[in-house]
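The block underneath contains the structure these notes are about, expressed in structure tokens.
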Amino acid sequence: MHYCDPRSGLRAIIAIHHSRLGPALGGCRMFPYASDGDALTDVLRLSRGMTYKAALAGLPQGGGKSVILGDPSTEKTPEKMRALGRCVDQLGGRYIIAEDSGTTVEDMLLVSGVTQHVGGLADASARASGRSGDPSPATAYGTFVGIVAAVRHALRRDSLEGVRVAVQGLGNVGYRLCQLLHAAGAQLWVADTAPGRVARCVQALGATAVAVDDIHAQKVDVLAPCALGGVIHPGTLPRLRARIVAGAANNQLATPVMDAALRERGVLYAPDYVINAGGIIEIHHERIGYHEPAVRSHLERIGVTLTEIFRIADATDRPTAAVADAQAEAIFRAP
Ligand code: NAI
């Protein structure tokens, strides 16, 4: 659905890819797209990804996404957020909006003034557990659990003690992931375009700083991309020395064939939308009533799901991302 609100100047698209398992949940991205066509392509691709992510995260929901056309730093206004909220409300709960890049928890609070169909806002019980509505800690914990599963599968090690991990991107997810890895005894190599974030990791966690262009080429056990998409491409693949690629970034493979290429090189890839599902798992629990032990055990199932994907990939000699897609489709297409 395309929306145009002349009064606020809002231009937005909401895409619902699948809603048979439940309401379509997905964040709202605000970005200065070069064209309406680019925005449409992005929202369709992202909403499809949310269907796969929700299915393998064991959530009773489908996939959706929204985009606002515009620069979040100069063109975002409360009026636009409220206008978008009214669009969401018109859908009567078929789509649940949440924050994403270019939008914040504060924006979602504005949206929640006009519609109840908002995720990612901590309710009273979630706040009592110290949650703020920011999904990053849950994403970091889910990614950590996924790395533990990948290390167990590929390296036959039950502990991260002494395991070498290169983390690309030390933002909301990456830094928290580093803290968890450090506490578990892993050794860290880190890179970020923001020097202050690197310095914090070096000082607080004893990490080794690496140049941004070299982080994927470190002699480590695990490469954890936590910055950008498209990290694994024909230029980086030959330089990769890690046995495992497992991180939070979305769309880590520049092209689908990278999946098979990683397998050919003997690299175990933890499919991104499986390992980084912690955020939507937490949003789900915030909506049904936050109970910390239930959230934790749900996040830990990410490790179980990944282990099953790794096992099937080995048994059928298929790349892990292809196995994950097939598993997800079997769930959301089941009669
Ligand atoms: P963020 O914006 O807080 O952190 C990203 C970090 O990457 C920043 O510190 C930035 O300086 C750094 N960076 C940018 N370009 C870089 C480069 N070329 N090399 C090294 N570092 C670079 O983002 P956040 O929330 O930590 O998310 C990280 C990734 O995880 C993103 O791809 C995001 O889409 C994905 N993700 C995040 C979730 C969440 O709950 N925050 C949920 C699911 C996926």
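Before moving on, here are some points about what is shown:
- Counting only residues that are open to solvent by 60 Å² or more (accessible area, probe 1.4 Å) and in a helix (DSSP H, G or I), region 286-296 holds 5 of them.
- Of all residues in region 24-35, those that are at pLDDT 95 or above and either farther than 15 Å from D71 by Cβ or open to solvent by less than 40 Å² (accessible area, probe 1.4 Å) (or both) total 4.
- A Cβ distance below 6 Å, combined with a sequence gap of six or more or placement on separate chains, defines the contacts here; from region 203-220, residues that are among the basic types (K, R) reach residues that are in a loop (DSSP other than H, G, I, E, B) in the pairs K219/R241.
Residue-wise test of (1) open to solvent by less than 50 Å² (accessible area, probe 1.4 Å); (2) under 20 Å from the mean Cα position of the chain (by Cα).
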site: H298; (1), (2): yes, yes
site: R301; (1), (2): no, yes
site: T307; (1), (2): no, yes
site: T316; (1), (2): no, no
site: T320; (1), (2): yes, yes
site: V323; (1), (2): yes, yes
site: P335; (1), (2): no, no
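- Subset tally (residues that are in a loop (DSSP other than H, G, I, E, B) and either away from the ligand (no atom under 13 Å from the Cβ) or modelled with pLDDT under 95 (or both)) for region 192-206: 1
- Among the residues of region 260-283, those identified as part of a helix (DSSP H, G or I) and within 12 Å of the ligand (Cβ to nearest atom) are D272, Y273, V274, I275, G278, G279, I280, I281, E282, I283.
- Inter-residue pairs, beta-carbon under 6 Å, first closer than 13 Å to V145 by Cβ and in region 167-190, second part of a strand (DSSP E or B) and more than 11 Å from the ligand (Cβ to nearest atom), 6+ apart: L181/V165
- Residue within region 203-212 that is touching a Phe, Trp or Tyr at 6+ places or on another chain (Cβ under 9 Å) and closer than 30 Å to D317 by Cβ present: no
- Residue that is touching a helix residue (DSSP H, G or I) at 6+ places or on another chain (Cβ under 6 Å) and charged (D, E, K, R), where the choices are R200, R176, R164: R176
- Meets criteria (without any contact (Cβ under 8 Å) to a residue 24 or more places away in the chain and either within 16 Å of the ligand (Cβ to nearest atom) or part of a loop (DSSP other than H, G, I, E, B) (or both)) for D158: yes
- Search result, residues across region 139-155 that are hydroxyl-bearing (S, T, Y) and within 10 Å of the ligand (Cβ to nearest atom): T139, T143
- S136 vs. criteria modelled with pLDDT under 95, within 14 Å of the ligand (Cβ to nearest atom) and open to solvent by 10 Å² or more (accessible area, probe 1.4 Å): yes
- Among the candidates V167, V220, V173, V190, residue that is out of contact with any Gly (no Cβ under 9 Å at 6 or more places or on another chain) and at negative phi: V220
- Between Q187, Q168, Q179, the distinction of being open to solvent by 10 Å² or more (accessible area, probe 1.4 Å), within 16 Å of the ligand (Cβ to nearest atom) and over 28 Å from E286 (Cα atoms) belongs to Q168 only.
- Residues of region 225-240 that are open to solvent by 50 Å² or more (accessible area, probe 1.4 Å) and over 15 Å from the mean Cα position of the chain (by Cα): H233, P234, P238, R239.
- Residues that are in contact with a Leu (Cβ under 6 Å, 6 or more places away or on another chain) number at least 1 in the following strands (runs of 3 or more DSSP E) confined to region 3-100: 10-18, 62-69, 95-99.
- Restricting region 207-233 to residues that are of a type in the set (G, A, S) and within 16 Å of L160 (Cα to Cα) leaves a set whose member that is farthest from the ligand (Cβ to nearest atom) is A207.
- Number of residues in region 243-257 that are crowded, with 23+ Cβ neighbours inside 10 Å and either in contact with a Lys or Arg (Cβ under 9 Å, 6 or more places away or on another chain) or assigned to a helix (DSSP H, G or I) (or both) equals 0.
- Selection status of L69, at pLDDT 95 or above, open to solvent by 20 Å² or more (accessible area, probe 1.4 Å) and within 23 Å of the chain's Cα centre (by Cα): yes
The values are calculated or read from the model by the stated rules, or taken from the named source; none is laboratory data. The model shown is predicted, which means the values in this text are computed figures rather than measured ones. Every residue, glycine among them, receives a Cβ derived from its backbone with ideal geometry; neighbour counts consider all protein chains shown. Just the protein is used for accessible areas: all its heavy atoms, side chains included, with ligands, DNA and RNA removed. Shrake-Rupley method; radii C 1.70, N 1.55, O 1.52, S 1.80 Å.
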